[in-house]
1. Magnitude of the Cβ-charge dipole of the chain, K/R +1 and D/E -1, about the Cα centre, nearest 20 debye?
2. In sequence order, what are the phi-derived ³J(HN,Hα) couplings for the stretch 80-91 according to the Karplus relation 6.51 cos²θ - 1.76 cosθ + 1.60 with θ = phi - 60°, rounded to whole Hz, with x for glycine and proline?
3. Between Lys508 and Ala308, what's the calculated FRET efficiency when r is the beta-carbon distance and R0 is 30 Å? Round to 0.05.
4. In whole angstrom, how far apart do the alpha carbon centroids of the stretch 645-694 and the stretch 128-204 sit?
5. Starting at the first residue of the stretch 164-175, write each ³J(HN,Hα) from the Karplus equation 6.51 cos²θ - 1.76 cosθ + 1.60 with θ = phi - 60°, in whole Hz, x for Gly and Pro.
6. Using the Cα centre of the stretch 389-470 as origin and beta-carbon charges of +1 (Lys, Arg) and -1 (Asp, Glu), tell me which of Pro401, Phe426, Met443 is placed farthest towards the positive end of the dipole.
7. Please work out whether the stretch 313-460 counts as rounded, prolate or oblate from its C-alpha gyration tensor, where a ≥ b ≥ c are the square roots of the eigenvalues and a/c under 1.5 means rounded, while otherwise a/b larger than b/c means prolate and anything else oblate?
8. So if I place +1 on the C-beta of Lys and Arg and -1 on the C-beta of Asp and Glu, and nothing else carries charge, what would the dipole magnitude of the stretch 395-522 be about its Cα centre? I want it in debye, nearest 20.
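Read-outs throughout are calculated quantities, based only on the coordinates presented, and are distinct from any laboratory measurement. Not measured: the values here are computed from a predicted model. Note that we place each Cβ from the backbone using ideal geometry, even for glycine, and neighbour counts take in every protein chain shown.
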Amino acid sequence: MNQVITDGLMLMPPSFADGLSVWSRSDGTPGSDTYATAGNAALVPADQDFGTCLEINKVDATTSIRYMGQTPVLPGLYLRVSARVKALAGNLPNVRIGAWAGDAGQAHVAGVTETGPETTLTDYGEVVAVSAIIGTGNRVGVDMPWGGTATYGHVGLDLTGPNGGTIRIESITVEDVTAVFIRKMMDWVDVRDYGATGDGVTDDSAAFVAADAAAQGRMLLVPQGDYFIGQNLTLTSPARFEGRLVMDDATRLALTENFELDSYADALGDEVLGLKKAIQALFNQSEHEAFDMRGRRILLDEPLDVQAAVGNKTTYANRRVLKNGQLAANAGPGWTDGVTVSTATWSSDTPTTLSGITNVASIEVGALVSGATGVGREVYVAAKNEASGTVTLTEALWGAPTSQTYTFRRFRYLLDFGGWQNLQRFRLEAIEFLAAGISSCVMLPADGLIFQVKDCFFTGPKDRGLTSAGQGCQGLEIDRCQFLSNEQALRVQDRTSIGFNINAGDAKIRNNRAVRFLHFGVIAGTGNIISGNHVFQGDSETDGLRSAGIIFTSTNGKSTISGNYIDNCSVEWGNEHDPAPEMSGEYSFHGMTITGNIFFSSGSAPWFRFIVLKPYGPGHYINGLSISDNLFKQTAGQQLDRVEMVDETLFPLDMGRTSGLLMVGNTFHGITETAGDPVSMKLTSASVELVWEADLSDRLPFGGQANSVLAALPEGAITNGAGDPVYTVPYATTAHGPTGAAFRLNWSEPVKGSAMVTASSNAP
């Protein structure tokens, strides 16, 4: 539409070269002063940029220029008023389009906007264009909406800001831009106008592509109907779906301006299918690195297989994010575990392989492996070979017989990444996995690096919160998540669910909260940071049993446990995934730091221990363990006997080889025997003795031996039987007594007195 053409409207003011008598120095109304008699204005006949133009010296706070002719303003008419200006000298002012609104009775229309956006001149000689749009409608892009009262305007220009500048102005122009606004008022393009049929059979792909190209940023309207899309489709315009798209699983849909779940659910007519298509697009386009579920709750009847949804990839390394929503399990057959029982052969020569399995085809990758003997916690099927009848395990067995029966149980997960052979830098953020005792929550990819889970809720997993059935946990980060067990009403010993497991190294488990699982985490990898977590696993039993909250399964721990609240559970450290669990030239219980934690229990049985070492083979010893600045506290019920122990169910530790053990700065409350290493004590002999002996069984941690005496300083005089001072220095001997926990001070003659002695279980 152009009313200059259709209605013969005269919009353009005359140029300044035609004379200044029609250019008002104020609002443009009849009788106002003009620039024909202004002392601060003159025509310039040949400006190099403008030709004939008006030059003004700015002397008023607002210097106005208004055409005294009436520029018509009609309903549906949109006018762009423009001018080009430049500063020559003096202060640099601000420039804006201005106008005076009049009604049919020649009166001023009050209360409407009569100035456009202001532009500040910043340099001399620079040509600057200013413009503003006048119209009756208050629409996006209209600078001066005048409503239905105004019928004309006196249009022009204002100079504001500092006085004293010289400015040249090219002629004011007025254009009819109604066509632009008609297009904007019709802010959608209907795909049917470009050939879409919506019959569910005809391939409407080409029509969608054509409509998207024509939209140029306007809304793409998909009316009621079923639109078959037979090829990958990318829409660069925002789209509104009243109808739905019908697509094969392999056909991709990229809504680049609507990349969120609301639009995908509308586009496919189904939330689950919409989420799958969105995930498929997430891995196949570069416009977005994150998909927003927009806070929606998706009810799943079966696991969402992420790799199957993508379809065309099994590896991916670019950062991608799925965030802000809830995935909930809907009870039904889709969540039934896959269970296979089979006899298999195992050898310590190939400790992660089970062979001789006749029904290996029925065993699912990612299944948990259990057996009567020698199978550690959280051992999964990493791969299988049907031709050879073998399965590969995520962790080695540690003492299995040559042949036994195994159970392979594949849990069902709300979000299953198990089909990815390698997935790197994927992030789950602000998602609740509402398992409700129906399903598990997340299965990690087979391999990959830096999978991140942040601000998520793992609510009521039936079996597992987050599972690694391979090496996809390398560099795993779990931050600020809530793990809420489905077994909170059960006694500790009756629970089976586990928060997470890790096979690879370098995990960061930070600032999470876990409530009443059997175990919070089973960690096979090394190089881990466990910090700021609250792990609570108690129950209401009197003298109740307690389980391990955090379990390390490699003696080469190389991990820190700092600043955690370890509540009614323990830290357990063993080597249950070692195929040769005996000590044989390897690191032995090495590189673990436990510092600054709160260890708390309430109503626990007195034999409960907060820190437990469990060797699965003979010959192991402590070779680097620091336990410092922790609080150990027991309330309600009997005191705990002590806070640490070696679980000797299978084998003891070799206490004569202890090295690098430090246990200092800890606080104890409700603990009968407080341990430390080194131990400082006052050793007193009331009668003269040639040998003074002290037993540190109650004082050294983990039932350690007194392997060294670091210092012995007499406190007061050491005297002989005659009461004479003895100045000779005693020598110490260590590892005395039935457990080696005693040391002796050997004097040159029988003496009595007191000495401050510092001893340690660390071998010299």
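1. Here the chain has a charge dipole of around 580 debye.
2. Listing the rounded values in order: 9, 9, 9, 7, 10, 9, 8, 8, 9, 7, x, 5 Hz.
3. 0.55
4. When both Cα centres are located, 86 Å separates them.
5. Result, rounded to whole Hz: x, x, 10, 10, 10, 10, 6, 4, 6, 10, 10, 10.
6. Sorting the options by dipole projection puts first Pro401.
7. Note, shape of the stretch 313-460 comes out prolate.
8. Result for the stretch 395-522 is approximately 220 debye, rounded to the nearest 20.
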